[in-house]
Each structure stands twice: as structure tokens, then as C-alpha cells.
Amino acid sequence: MTSLRFVFLFLLISFSTAAQKDYKLWLQYNTVADSTAASEYKNNLKGIAVLGNSETIKIAEKELKTGFADMLGSIPEIRKDVKGENNLIVGSQMNLSSEIKTELQADLNKINTEGFVIKAILLKNKKQIVITGKNDIAVLYGVFHFLRILQTNKSVKDLNIADSPKTNIRILNHWDNLDRTVERGYAGFSLWNWQKLPDFIDQRYIDYARANASIGINGTVLTNVNANALILTPQYLEKVEALANVFRPYGIKVYLTARFSAPIEIGNLKTADPKDPEVINWWKNKSAEIYKRIPDFGGFLVKANSEGQPGPQNYGRDHVDGANMLADAVAPFGGVIMWRAFVYSEHDANDRAKQAYAEFQPYDGKFKENVMVQVKNGAIDFQPREPFHPLFGAMPKTPLMMEFQITQEYLGFSAHLVFLPKLFQEVLESDTFQKGKGSTVAKVVDGTLYKNKLTGTAGVANIGNDLNWTGHPFAQANWYGFGRLAWNPYLDSEVIAEEWLRSTFSNNENFIKPVKNIMIESREAVVNYMTPLGLHHIMDTGHHYGPGPWVSNLSRPEWNPTYYHKADKNGIGFDRSKSGTDAVWQYAPEAAKLFDNVETCPEKELLWFHHLSWDYKLKNGQTLWNGLALKYQQGVDQVRKMQDVWNKTENYIDSERFNEVKMLLEIQHKEAKWWRDACLLYFQQFSGKALPDGVEKPTQTLEYFKSLKFPFAPGNG
Ligand code: BDP
């Protein structure tokens, strides 16, 4: 009996430590006591001088204490001022002594309001390290950066860092509904417990804010773009206020989605026409009411006249009328409107990929100063691979905000290991050629191409109330990587992967090197086993789980996979060249030429832009049919390799996370084969050709794959 109790206790303890590990994200603060950096600190750091008293500074102090205690095993003396030498001096420039400020002036001139300086200096011949910025939030960013240096085993000799975020708004978009379901959420239910708010403050809200602050995220849209007007009623605003109060000291502003028809639904008006004086007034008053509660409220995100959402077009007005009306309502309080460009219409027979550009580009220069147009990374919808959206670079007078999807709606939900920063980087590095060579998407997003004042990057969150936040331990890396790239769109995804691995798992090189390779290769793997060579939108209906290239019976043509792949006996692919829908025309001439010509079109985007015969010769000499089949096989092989690598990591990390990832990779492998077999069997009906050597034979029939139904797949409303 005693031994049984012992076993139970042991299980309980090991369960809770495992749970904590998953829960702690990239802030594990594993001990680094034997690293060189650690011994340098231990021997030299005598005290931490914490300057200032704000909530934010207290958070910074607590973080340093936790970091030092966990990583080095002891906490230097915390002081309120600088005593002797070897202090870590932490405080905003307002709280620095004039000597230190003079010493750091050149560095302080380099940073913006959210940037920080971390520098080792000699002050009256005494060594000190300073972490500072223009305000306390910037100091907090500096503290997290400093701890990351320790965590990732980097040298701390002669610290000399001045770093600033390159965009103003670095924001998560939660597609969370008020009933706590999450549209396209694969990590449980919404974090926001509306029923218990405002009185009950879940520790998770605080931990969420801390995690975001650690990667520089400074905004959160709490509610789904498919919006519910109730969030704007006093009953809910009180709850929103409570969350805003939790997030504020972490530098995170709260935003809400605005349902365009709210004046009717909760305001008892007859119309939501943006030119109607009563409607204009209603939004003005509503904004004032929100700002009274939340003085630093960020503003509204709006999905209008898109996929059935109401909008200005219901009243014969346009997107500019709608956005500007809301912009006027929040302008007196410093708020912004993030107006989404994700539009396509069932009444428009045009190629769906062309519709957003066609509608929004002519509006350039017409939006008010505090409006940003939020554009998805590609013209269709967060596919495993899409060419960059043609709107980037095409609206010089309008701040365009990037919208990435962190949740893996089309990339295996939370069961597949796919490192998204690789995808994000590919988009950001794409050359729009809009102002000549080198006009990358990153330069549009950070405002440097056209000198836009407002800049931002949004990510559709992959966070839920799962113990590990994101469903898959490696999906945490996508949240992390999003934050890092929102801060600096020029960061290399390999650097991000390595940082994340070291902070999340281990600094052991034998672990880092192979696992980093898995992460880097994982994006190409998913493209290969789902949608190689430019294929897109061939997933199953509604839930978007698994393959469905055969689907052709949906009411709106552009919802059907057959609309996108256009496979027939002559070939496969969507002709968007001049001879087709001429979508290439929406790009700058240099990019258009590149995509239009089948010879120069990157093969990874071939079938996005061209319809080609099954016998078309690829660059490697294979026919298109063989090449396609081999790509599908390659995707499966890549996952198999990921499994092999992972299976050798057992000794370097905790068994719980090891096992979780092992099981998830098994699912991924199974589903990669499912995608390969279902797609190849389907396309084979048209190509009429045998599978080339090296491609494994399907073990099921096409009929079997077509018969699979998933009525309860998650995230589908
Ligand atoms: C699609 C999703 C849908 C979203 C929509 C959007 O399937 O759930 O509402 O995008 O971004 O990807 O508005």
C-alpha cells in the first residue's frame, strides 16, 4: 500500500513537472550554471540596481530574479541604487543618473520608443552593465533580451546592444468566440473566460501577457473577425477592461473586432450605413465609452463584406467609407482601424486571387491616417505556399499590415510539426519590384519602402487553453517566431529556430543541430505532401482537415478545390498568365514577367500560375506527372526522416515532451501518406499514367479516401 502510494505520488510529481515544462514555453530558464557566461556573472555581478517603481519595472525585477535563480542558482542583491561596481543597472532613461545618460547618449539616440540598450560600461573606472530604454516597457523588452542571451548560452562579454522593433503594431488576432470556441483553433478553448470575468483573473492571463512581452508582441485582438456585436455592450466591455488592466504593464494593448452591423444589433438603429449621421454618432459614442474604460484601447479590426460579414457595401458604400467612419470615431483617442482586405465575392466571376487587389488597390490614398489595410500574406488563403499578395508594394500611400496565420488551419492543425517562420521569411523576402529591385515585402511592412508612419504585423493566434498553449510543443515555436519576426522582419528563421530550441529544450549541440534541421525542413515537407509545385486549396470542405481535391459540389465555385487545380486529361494547374486570368498583371512588371513566363516562373509556384500538360518537362527532366508524384513521396520521406532524427533525441530532453512529439510525428507521417495517396489516386484519373518508380503504392482506394468524413473536426465553428 505504501509503495503504491509512493508510486502515485511520484507519478503526480512527474506529471506536474512535465506539465510545467510544456506550460513554460520558451521561458524554461534551465540551469546554465556551468557555462562561461554563467560563471562570469556569478563572479562579477554583485547587485541589481532596479530604478523606478512602476508595475512594469516590478515585473522586470521579478523576471530577473526568476531568471537568475533558475539559471544560475542565486540572485544578486537587489538594490534601489547603484553601489560600487559590477551592478546590473535596470531602468528607463528618465531614471538614469546624468553620468550614465551621457555615457549612453549615442546609443539612446539610436533607438525608438520601444527599443532598448544593453551595454557594459565603465563608470568612474567601475564596470557596470545597463539595461535601459525610453520607457519602462522598453526596459522590460531589454530584460527579456538579456535573459535570452543567458538562456541561449551566448557570450556576455562586452555587451553592446541597441535594438528597436521595426514595426509599431505587433499583434495577435484571436479568432475567439464569446462561447469560448475558437475558429480554426486546435489547442482547446479560448483563454478568455468571459463568464468569470471581470472578477476572476486567471493566472493564465498574466502568463500569456508575460510570454508575449518576452517576444515583443504589443497588441491583442481578443475576438474573432467573424464578430459578435455583444462584445461592444457594457456587460462585455467591463470584462475587456479587466483583461486590459492585466495586460497593460506588459505593454500589451487590447483591440476588438467591430461588427459593422452593431449599431442595429445592439444600438437599436435601423441602419448601419456609414454615412448616416445617427450611425456615425453611435460609433463615436461607443468609442468614447470604450476609451473611458480603457484609455489605451488600441482600436478595431474589421472584416467587412467578406464571407457573409456585413459591411458598408450593404448600403451602397465602399470600404473607404466604412473604414474612415470608424477611423474618425477612434481618432480623438489615438486609436487605429485595421481594415481587412480579405475579400472575394460569389458574384464576381473573376479569378478569386485577383479580387482583393482589384477592389482595394484603387483606394490607395483615400483612407484616413489612422487606417491600416490588413492583407493576408497570399492572395488566396494561408495555404502551405502562396506567392506574396500582389497588394504588397502596390498601395504606396496606405499603410499595409501583414496578416500571417500562426494557427495551422491548412497545415495539419496542431498535429503536424511545421516551423512557420520559414514560410513567413519567404514571404517577407519576396521582391515586389514595385520601386525597383529590392522592394521586398519586409520593406513594405516596416514602412521603409514608402515611408509610412504606421506599420504592423498581425498573426492569427494558435493559442488555446491546452496545457501547452498551442496543442503541439513545436507550435509554440510558431508563436515565438511570429513575435520575433514582427519585431524584426529581417531576422533569419534559422536563428529563430535555434534561439527557440535553446530556450525551450536544451543547449546541447547534439540536440540543437539535428532538431534545428527538422524545423527548417518541415515547411517544405508539408508543401510536398499537401500541395507541391504551386497547387493550392485542395483540402476537404469546411473543416479543412485532410485532402479533398475531388470536391466540386459547393455552391460558390471558388470554394471548390476543382476550381483551383483544374486537373483534366490535358494537364493540371491554374492559368493565371496573360493567356489565362492574367492575375500576373497585378504584380510589378518585373515580377509579372517572371511569373508569366513558364520558363522563369519558380517551379515551387508553377501550378499557381500555369496550366501545364502532364508531360511538361520539369527542370530536373522529369515529366510533370512524375515530378508531382515524386514530390508527394518526398514529403512523406521527409516526415519519416524527421521521425528518425527525433527518435534519437530521447537522452537530451524530458521524456514527456519527447513522447508527445514522437506520437505527433506518427500522426503526421500517417497523414502525409493520406495526402499523398488521396491526391495521387485522384489526379491519376486524369493523367492516366502509372506512378513512377520510388513512389509507394497506395494501400486504399480513391473511393475509400472520398468516403472519410470528419463531422467533429476542431476549429470549424
Ligand atoms: C479563412 C478561414 C475562416 C476565416 C477567414 C478569414 O477558413 O474561418 O474566417 O479565413 O480570414 O481562412 O476571415
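How much length is gained on full extension from residue 83 to residue 513, taking 0.36 nm per residue of separation minus their Cα-Cα distance?
Gain in length upon complete extension: 150.6 nm.
Name the residues of the stretch 596-612 whose amide N is less than 18 Å from a point 7 angstrom out from the Cα of residue 689 along the C-beta direction?
599, 603-608, 610-612
Would you list which aspartates and glutamates come within 15 Å of residue 569, measuring only between C-alpha atoms, while excluding same-chain residues fewer than 8 positions from it?
Output for residue 569: 615.
Taking loop as defined by DSSP and a crowding limit of 16 other beta carbons within 10 Å, which chymotrypsin sites (Phe, Trp or Tyr not before Pro) in the stretch 468-516 fit?
490
Looking at the stretch 169-495 only, what percent of DSSP beta bridges run antiparallel? Nearest 5 please.
Taking every DSSP beta bridge with both residues in the stretch 169-495, the antiparallel ones total about 10 percent.
State the extension gain, in nm to one decimal, for the chain segment bounded by residue 492 and residue 102, taking 0.36 nm per residue of separation less the distance between their alpha-carbons.
Here the answer is 137.0 nm.
Given the DSSP H assignment, sum -39500 (n - 2.57) over each helix run of at least 4 residues in the chain and divide by its residue total; what's the result at 222 nm in deg cm²/dmol, nearest 500? Can you show the working numbers first?
Values: 22 runs with 286 residues, N = 717.
Roughly -12500 deg cm²/dmol at 222 nm, from the helical runs in the chain.
Starting from the stretch 185-236, pick out the chymotrypsin sites (Phe, Trp or Tyr not before Pro) whose DSSP state is loop and whose Cβ has at most 15 other Cβ atoms within 10 Å.
Within the stretch 185-236, the qualifying chymotrypsin sites (Phe, Trp or Tyr not before Pro) (loop, at most 15 other Cβ atoms within 10 Å) are 200.
Answer with one residue from 266, 339, 327: the one whose Cα lies farthest towards the positive end of the charge dipole of the stretch 169-495, charges on Cβ with Lys, Arg +1 and Asp, Glu -1.
The Cα lying farthest towards the positive end belongs to 327.
In whole Å, what are the Cα extents of the stretch 401-473 along the three principal axes, biggest one first?
The Cα atoms of the stretch 401-473 stretch 46, 22, 16 Å along the principal axes, largest first.
Using unit Cβ charges (K, R positive; D, E negative) and no other charged atoms, how large, in debye to the nearest 20, is the dipole of the chain about its Cα centre?
With only Lys, Arg, Asp and Glu charged at Cβ, the dipole is about 1120 debye.
Using modelled backbone amide H atoms (1.01 Å from N, in-plane), which distant-in-sequence or interchain residues come within less than 5 Å of residue 567's amide H?
573
Setting aside same-chain residues fewer than 8 positions from residue 709, which aspartates and glutamates have a Cα under 18 Å from its Cα?
Reachable aspartates and glutamates: 409, 540, 671, 677.
Determine the gain in length on full extension of the stretch residue 650-residue 710; use 0.36 nm per residue of separation and subtract their C-alpha separation, reporting nm with one decimal.
Answer, rounded to one decimal: 18.2 nm.
Using the C-alpha atoms of the stretch 619-704, what convex hull volume per residue, in cubic angstrom, is computed? It would help to have the intermediate numbers written out before the result.
Working: hull volume 8.7 nm³, N = 86.
Normalising the Cα hull of the stretch 619-704 by residue number yields 102 Å³.
Residue by residue through the stretch 224-230, which ³J(HN,Hα) values in whole Hz follow from phi under the Karplus form 6.51 cos²θ - 1.76 cosθ + 1.60 (θ = phi - 60°), with glycine and proline marked x?
Along the stretch 224-230, the couplings run 4, 5, 7, 8, 10, 5, 4 Hz.
Using the 2.2 N^0.38 Å rule of thumb for compact globular proteins, work out how the stretch 20-163 stacks up: its C-alpha Rg over that value, please.
Values: Rg = 14.2 Å, N = 144, 2.2 N^0.38 = 14.5 Å.
Normalised Cα radius of gyration, the stretch 20-163: 0.98.
Using the charge dipole of the chain (Lys, Arg: +1 at Cβ; Asp, Glu: -1 at Cβ; taken about the Cα centre), state which of 396, 89, 143 has its Cα farthest towards the positive end.
Farthest towards the positive end: 89.
May I ask what percent, to the nearest 5, of DSSP beta bridges between residues of the chain are antiparallel?
Antiparallel: roughly 30 percent of the beta bridges in the chain.
Report the one residue of 667, 701, 623 whose Cα lies farthest in the direction of the positive end of the charge dipole of the stretch 603-717 (charges on C-beta: Lys and Arg +1, Asp and Glu -1; origin at the Cα centre).
623
Could you bin all the Cα-Cα distances of the stretch 207-297 into 10 Å bins starting at 0 and give me the percent of pairs in each, rounded to whole numbers?
Over the stretch 207-297, the share of Cα pairs per 10 Å bin runs 17, 43, 28, 10, 1 percent.
Quote the FRET efficiency, to the nearest 0.05, computed for residue 604 versus residue 641 with a Förster distance R0 of 22 Å and r equal to the Cβ-Cβ distance. The partial results should precede the final answer.
Numbers: r = 20 Å, r/R0 = 0.90.
With R0 = 22 Å, the Cβ-Cβ based efficiency is 0.65.
When N counts the residues of the chain, how does its alpha-carbon radius of gyration compare numerically with 2.2 N^0.38 Å, as a ratio?
The chain yields a ratio of 0.98.
In the structure displayed, which of 366/451; 516/604; 154/376; 566/670; 166/354 lie more than 25 Å apart, Cα to Cα?
154/376; 566/670; 166/354
So for the stretch 169-495, what are the equivalent ellipsoid semi-axes in whole Å, largest first, each being the square root of 5 times an eigenvalue of the Cα gyration tensor?
Working: eigenvalues 148, 135, 64 Å².
Semi-axes from the Cα gyration tensor: 27, 26, 18 Å.
Taking 25 Å as R0, compute the FRET efficiency from the Cβ-Cβ separation of residue 291 and residue 203 and round it to 0.05. Walk me through the intermediate numbers first.
Values: r = 28 Å, r/R0 = 1.12.
Computed FRET efficiency for residue 291 and residue 203 comes out at 0.35.
Here, each number is a calculation from the coordinates, and none is a lab measurement. This structure is a prediction, so every number in the text was calculated from the model and none was measured. Cβ: placed from backbone, ideal geometry, glycine included. Neighbour counts: every protein chain shown.
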